[in-house]
Amino acid sequence: MKNVGYYNGKMGLQEEMTVPFLDRAMYFGDGVYDATYSANRKLFEIDWHVERFFNSLKYVQIPFTLTKEELIAELQKCVDAMDSDGVCFVYWECTRGTAPRNHLFPDCKPNLIINITESKITDLRNPCKLITMEDTRFFHCNIKTLNLLPSVLGSQKAYECGAKEVVFHRGNRVTECAHTNVNILKDGTFITPPLDELILPGVTRRHYLEVCKRLGIPYEERPFTLDELFDADEVFITSAGTLGLPAYEIDGKKVGGKAGELLKKLQVAVVDDFEKETGVRPDVI
């Protein structure tokens, strides 16, 4: 298939699939999701993404019925149904189920939705522009919930400003971006915000920490401020499909560009790992 849609075991083209009117995602955003990429029909860092998915399910108390191994098997089945063996975006979500609208948890089975589309890994050779915005989201940012309206609004604002992403902050503390984590390099050290209720535990963020340990590069998981962001030697964003994209401008001010060799070393290590796991080397660095 040119793309794959999946709903509770039924598979078809996404444009032909339907979701029940009473699915709780429609009324409450009552569900969680995760996403990664595949290449050569191999799922990248799938164990980490599935672990985060199950953590999100636990936080919101959705009684998902599949085991981790069974979920991975369903995801693989959808990837294998694609006509393409190139790079694909792999997305899945679980809603609390289908039941008459009521704020209380219903007694019903959860719904599993999967979609697979051809995609690309972000080219890391083209630095991007960012903007900043006060973070007015709730205090469950560590859960990969379907409630993404603040991120949608932030992404739209960035687009209107000609920027790639919006960097959220609470007061002077930097948190994360609309759909990526934001990190900095300063004086040879990789610095990333700590895991708490204000940021999503990004899998690629974790990957960079792993690479730092492997290469002996100093790292810190701690809060950092807007002042530190603008003063950093490098600012870069990470996600499953953005393996370390540097920024050259934030809010119209030039940033970064002072530790290119160190950033390139980290980027290469992450892309090398992608190739080792999938057999495909994305042309991004």
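Laboratory data are not the source of any read-out in this text; all were calculated from the coordinates shown. Just so it is clear, the model here is predicted, and its values are computed rather than measured. Glycine also receives a Cβ, built like all others from the backbone with ideal geometry; neighbour counts cover every protein chain displayed.
Apply the Debye scattering formula to the chain, with a single equal point scatterer on each alpha-carbon and no solvent, then give log10 I(q)/I(0) at q = 0.10, 0.15 Å⁻¹. So the normalised log intensities are -0.55, -1.20. Among 44, 139, 53, a tally of other beta-carbon atoms within 10 Å of each Cβ gives an order, fewest to most, of 139, 53, 44.
The coefficient of translational diffusion for the range 128-278, derived via Stokes-Einstein from the alpha carbon Kirkwood radius under 37 °C and 0.692 mPa s, stands at 213 µm²/s. With contacts taken as Cα pairs under 8 Å at a separation of at least 6 residues, the range 128-278 carries a relative contact order of 24 percent.
Amide H to amide H distances under 5 Å link residue 167 with 131, 132, 133, where only residues 5 or more positions off or on other chains count and H is placed in the peptide plane.
In this structure, the residue pairs whose Cα-Cα separation is over 27 Å, taken from 68/129; 164/258; 77/276, are 68/129. Ordered by the count of other Cβ atoms within 10 Å of each Cβ, fewest first, 88, 212, 161, 177 give 161, 212, 88, 177. Whole-Hz Karplus values for the range 200-213 come out as 7, x, x, 5, 6, 4, 4, 4, 5, 4, 4, 5, 4, 4 Hz, taken residue by residue from phi with 6.51 cos²θ - 1.76 cosθ + 1.60 and θ = phi - 60°; glycine and proline positions read x. For the range 4-118, with the dipole built from +1 on Lys and Arg beta-carbon atoms and -1 on Asp and Glu ones, taken about the Cα centre, which of 106, 56, 14 lies farthest toward the positive end? Value computed over the given set: 106. A Cβ-based charge dipole, computed about the Cα centre of the range 1-103 with Lys and Arg at +1 and Asp and Glu at -1, lands at about 280 debye.
Amide hydrogen proximity for residue 257: with H placed 1.01 Å from N in the peptide plane, the residues at 5 or more positions away or on another chain lying under 5 Å are 235. Cα extents for the range 47-178 along the principal axes, largest to smallest and rounded to whole angstrom: 43, 42, 26.
Do the sum for the chain: with -39,500 (n - 2.57) for every DSSP H run of n ≥ 4, divided by all residues, what is the mean residue ellipticity at 222 nm, to the nearest 500 deg cm²/dmol?
Details: 7 runs with 82 residues, N = 285.
Value at 222 nm, helices only: -9000 deg cm²/dmol.
For the pair residue 152 and residue 268, label points projected 7 Å from Cα toward Cβ lie 4.2 nm apart.
So for 49, 103, fewest C-beta neighbours within 10 Å to most, what's the order? Working shown, then result.
Details: 49 22, 103 7.
Least crowded to most crowded, the residues run 103, 49.
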